[in-house]
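First comes the structure, then the notes that go with it.
The values are calculated or read from the model by the stated rules, or taken from the named source; none is laboratory data. None of the values given here were measured: they were computed from a predicted structure. Because the Cβ atoms are built from the backbone with ideal geometry, glycine has one as well, and the counts that use them run over all protein chains shown. Accessible surface is based on the protein model in full, side chains and every heavy atom, while ligands, DNA and RNA are left aside. Shrake-Rupley method; radii C 1.70, N 1.55, O 1.52, S 1.80 Å.
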Amino acid sequence: MIGYIGGIHVLEIFPIILFFISFFGIITSRNIVKSIVCIILMQTAVILFWLGLGARISNLPPIFEYGTYIDDPSMIADPLPQALMLTAIIIGVAVTAINITVLNALFRKYKTVEWEPMQAQAFEDEKPEM
Amino acid sequence: MMISQLLPFFVITPVLIAVFLYVFFSLKIVRIIAITVQAAFMIPAGWLLMSARETDVLVSVGDYDGLLGIILRADLLAAVFVFLTVFIFLMVGIYTYQTPYDRTKRLYLFLIFLLEGVLIGLFLTRDFFNIFVLVEVSTVVVTILLMYDRTRRNMFAGMMFLMVNIVVMQMYLFGLGYLYMLTGVMDMEGASVVIATMDSNQLALPYALIMTSIASKCSLLPMITWLPKVNSLTGSRFTIAAIMSGLHIKAGVYLFMRFQDVFGDIGMDFFLVIGVVTAVAGVILALSQTEIRLLLAYSTIAQVGLIIVGLNLDYEYSRVGSLFHIVNHSLFKVALFLCASQISYLYQTKNIQKIRGAFKQTPLIAVANIIAILGIVGAPLFNGSISKYFLVYGADGPLEWIIILINLGTILVFVKYATIFFGKPLTKVREEETLVSDTNRRGVVFALGAMCIVLGIGGVQAIYFLFDVPVTLTFGGYMEKIGIFFVSVIIAVLLYKYVLAKRTFLSKLNGLNLSFQKICVSIGIFFAILLVYIGVFYG
């Protein structure tokens, strides 16, 4: 079958690989900025996966003039994943913006953007009052 | 008017209250109106509950047919959660209402009521993508609440919370995409119908992705070390901790139930084990705490573990016991946090070891606090005893004993907590009269305490009313549980007095802090184990 490698669609393989690469990046990043970039990459992987879903059988745009007769509806790309991903992109942008804003504020308080020193100082503050 | 047409307003009303409060906050009358509207909101919530007892209330937003639109559906379970949410937020609203005017409090109340709308939305919606959006909104709201005091510790905690939640929600969205690819629907009912005809093997990846994200929302193992800390270390705001522990974490449990239903109850044994381990770990970590909020937050984890055990026992009574325990736990945990707030204000410390003689200092709050404690430990005639009685119904053999031991651990935690009531104060204590809006706050904790007793005495009827499941409580069985309870109390007191009070080996656990990377690794491992488990046992 066209587009399939070992039973898996090519549109699936790339996002899955990208997803796990970004997950690996999140696990190994020592820098918070890198962690945020990896999270953005993860969002991109998920969005790509969803967009691939809508275009598996055919990628004819789902926009027609009113009253057009469609012979075979299965030839049209599924518009739902596209609509949902538009929302997901907006949410992703908003959340990333908050994330970066918070990081900016944290940088002013901790004078670092590395996870380890920041965490060490935060846990130092956390010790119960004596 | 049909109640179904009102369903979207259940989500919109709290948001409107939030905006109204934010814009006109400086006027005292506005806060009274907001509380009145919130109180009046109990009426439609009650109406929804009564209607849902007869038949599911549903509305398709935008009037689309069938599975095309976004469906809001209130079955009995959702209606109970909506009612509980409205009630708890009313209590918190009354509790916070009369504090002196403070510019920062404006945003605080706005966020609190916004969170109410989001939680109600989560309980009512049946659309997978809606759940994603609402969880993201709640994550942002909670993050801002966590950072509220702008201390650097809380801001760091808030950022950890935000980033971990973004990662797990990306896993959810990925799993959802896979599920959509397999089923072609975004609606829970539709998906469960399609999934029933499918092979479990195909579902392994979406199931593992979605359930990993939901499990981290319920702060199940391995996520337990950070969520309580993040949730409870919110500066001086006990009310946020109360909402987080009492209600927000239950939204995770609710989603867990819904998704288990959608996937046709695969992976029950896995979550049974996870529930037991979470409960045991929660008890041990709670015992190691000296900070009053952390102790309560970790005890929440233990109770959530117990609830997850009950839900996965595959026995009607246990499931219903778990559901009832969710309601009960919300009531007594909110009461406990609010009482702890009063007591720690008087003693000007949050360290349990420094608070002594609270019973003498503030007898009324102490009484309400003790009622809540009796509720959570499952004392006879209190609500916790009824829910725990049914929760263990489906457990037999070693599992029953493990649950009894977990309850013994809970009793031990609250024996430690109860030491604050006895002895003489070690530090200077503020006068009780300095408590702000004394009557309101006492009223709230007593109302919650009263609910614990009412639901304890009328527990069987309450279960029938709330979940429409007729249960019978045998006299002999209940007496046996009472016997076990009293033996547990004696063992717990002795254990505390002669072992725990003198040794500090548990306090080493206090410093257990996972870094962001390690949390992500633990989430990855959880996902991998779940995936392999489903692949091996259901493949």
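Condition test on B:Val445, is it closer than 30 Å to B:Ala45 by Cα, modelled with pLDDT under 90 and away from every other protein chain (no Cβ under 14 Å)? Considered against the rule, which asks whether it is closer than 30 Å to B:Ala45 by Cα, modelled with pLDDT under 90 and away from every other protein chain (no Cβ under 14 Å), B:Val445 comes out as yes. Does at least one position in the range A:11-19 carry a residue that is open to solvent by less than 70 Å² (accessible area, probe 1.4 Å), under 21 Å from the mean Cα position of the chain (by Cα) and under 27 Å from A:Gln119 (Cβ atoms)? Within the range A:11-19, one or more residues are open to solvent by less than 70 Å² (accessible area, probe 1.4 Å), under 21 Å from the mean Cα position of the chain (by Cα) and under 27 Å from A:Gln119 (Cβ atoms). Would you confirm whether any residue within the range B:140-157 is farther than 23 Å from A:Glu114 by Cβ, touching a strand residue (DSSP E or B) at 6+ places or on another chain (Cβ under 7 Å) and open to solvent by less than 30 Å² (accessible area, probe 1.4 Å)? Within the range B:140-157, not a single residue is farther than 23 Å from A:Glu114 by Cβ, touching a strand residue (DSSP E or B) at 6+ places or on another chain (Cβ under 7 Å) and open to solvent by less than 30 Å² (accessible area, probe 1.4 Å). Take A:Ile100 and decide whether it is more than 10 Å from every other protein chain (Cβ to nearest Cβ) and modelled with pLDDT of 90 or more. When the stated conditions are applied, A:Ile100 passes them.
Counting only residues that are more than 30 Å from the chain's Cα centre (by Cα) and in a helix (DSSP H, G or I), which one in the range B:177-195 is nearest to the other protein chains (Cβ to nearest Cβ)? Among residues in the range B:177-195 that are more than 30 Å from the chain's Cα centre (by Cα) and in a helix (DSSP H, G or I), the one nearest to the other protein chains (Cβ to nearest Cβ) is B:Met181. Can you name the condition, by its number, that B:Val118 falls short on among (1) under 18 Å from the mean Cα position of the chain (by Cα); (2) within 14 Å of chain A (Cβ to nearest Cβ); (3) crowded, with 23+ Cβ neighbours inside 10 Å; (4) over 30 Å from B:Ser192 (Cα atoms)? Unmet for B:Val118, out of (1) under 18 Å from the mean Cα position of the chain (by Cα); (2) within 14 Å of chain A (Cβ to nearest Cβ); (3) crowded, with 23+ Cβ neighbours inside 10 Å; (4) over 30 Å from B:Ser192 (Cα atoms): (4).
The residues of the range B:124-138 that are within 16 Å of B:Leu176 (Cβ to Cβ), assigned to a helix (DSSP H, G or I) and of a type in the set (Val, Ile, Thr), listed by number, are B:Ile131, B:Val133, B:Val135. Every test in (1) touching a helix residue (DSSP H, G or I) at 6+ places or on another chain (Cβ under 8 Å); (2) open to solvent by 10 Å² or more (accessible area, probe 1.4 Å) is passed by B:Ile420 save one, and that test is (2).
When each of A:Ile70, A:Ile26, A:Ile63 is tested for being of a type in the set (A, V, I, L, M, F, W, C) and either within 9 Å of chain B (Cβ to nearest Cβ) or not in a loop (DSSP other than H, G, I, E, B) (or both), the lone residue that passes is A:Ile26.
Taking each residue of the range B:350-364 that is facing chain A (nearest Cβ under 9 Å) and looking for partners that are among the hydrophobic types (A, V, I, L, M, F, W, C) and open to solvent by less than 60 Å² (accessible area, probe 1.4 Å) with beta-carbon atoms closer than 7 Å, six or more apart or interchain, yields B:Lys350/B:Ile292.
Where helices (runs of 4 or more DSSP H) fall wholly inside the range B:233-288, the ranges with 1 or more residues that are outside the structural domain of B:Val320 (by TED's automatic domain parsing) and at pLDDT 90 or above are B:249-262, B:268-287. For beta carbons closer than 6 Å, sequence separation of 6+ or different chains, a first residue in the range B:284-304 that is within 11 Å of chain A (Cβ to nearest Cβ) and a second that is among the basic types (Lys, Arg), the qualifying pairs are B:Glu291/B:Lys350; B:Ile292/B:Lys350. Checking every residue in the range B:488-504 against the condition of being assigned by TED's automatic domain parsing to the domain that holds B:Ala340, over 21 Å from B:Lys350 (Cα atoms) and crowded, with 19+ Cβ neighbours inside 10 Å gives at least one match.
Evaluated against (1) away from chain B (no Cβ under 11 Å); (2) over 30 Å from B:Gln289 (Cα atoms), A:Pro117 falls short on exactly one condition, (2).
Checking each residue in the range A:104-114 for being more than 7 Å from every other protein chain (Cβ to nearest Cβ) and either assigned to a helix (DSSP H, G or I) or among the acidic types (Asp, Glu) (or both) picks out A:Asn104, A:Phe107, A:Arg108, A:Glu114. Condition check: more than 9 Å from chain B (Cβ to nearest Cβ), among the hydroxyl-bearing types (Ser, Thr, Tyr) and in contact (Cβ under 8 Å) with a residue 24 or more places away in the chain. Does A:Thr44 satisfy that? Criteria met by A:Thr44. Checked against the criterion of being open to solvent by less than 50 Å² (accessible area, probe 1.4 Å) and modelled with pLDDT of 85 or more, the candidates B:Ala34, B:Ala78 yield just one match: B:Ala78. Per the listing B:Leu76, B:Leu111, the residue uniquely under 25 Å from A:Ala94 (Cβ atoms) and in the same structural domain as B:Trp47 (by TED's automatic domain parsing) is B:Leu111.
Scanning the range A:73-97 for residues that are away from every other protein chain (no Cβ under 11 Å) and either surrounded by fewer than 10 Cβ atoms within 10 Å (Cβ to Cβ) or in a helix (DSSP H, G or I) (or both) yields a total of 8.
Within the set B:Val499, B:Val469, B:Val489, B:Val536, the sole residue that is under 26 Å from the mean Cα position of the chain (by Cα), away from chain A (no Cβ under 14 Å) and modelled with pLDDT under 90 turns out to be B:Val469.
Let's see how each residue does on (1) more than 30 Å from B:Val277 (Cβ to Cβ); (2) not aliphatic (A, V, I, L, M):
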{"residue": "B:Leu182", "(1), (2)": "yes, no"}
{"residue": "B:Gly190", "(1), (2)": "yes, yes"}
{"residue": "B:Ile195", "(1), (2)": "no, no"}
{"residue": "B:Leu203", "(1), (2)": "no, no"}
{"residue": "B:Tyr207", "(1), (2)": "no, yes"}
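Could you tell me whether any residue of the range A:53-60 is over 12 Å from the mean Cα position of the chain (by Cα) and at pLDDT 80 or above? Yes, the conditions are met somewhere in the range A:53-60. Just to be sure before I move on: is A:Phe123 among the aromatic types (Phe, Trp, Tyr), within 8 Å of chain B (Cβ to nearest Cβ) and either touching a helix residue (DSSP H, G or I) at 6+ places or on another chain (Cβ under 6 Å) or in a helix (DSSP H, G or I) (or both) in the structure I sent? Yes; evaluated as a whole, the condition is true for this residue. Residue check: B:Leu399 meets all listed conditions (1) in contact (Cβ under 8 Å) with a residue 24 or more places away in the chain; (2) open to solvent by 10 Å² or more (accessible area, probe 1.4 Å); (3) not in a helix (DSSP H, G or I) but one, namely (3).
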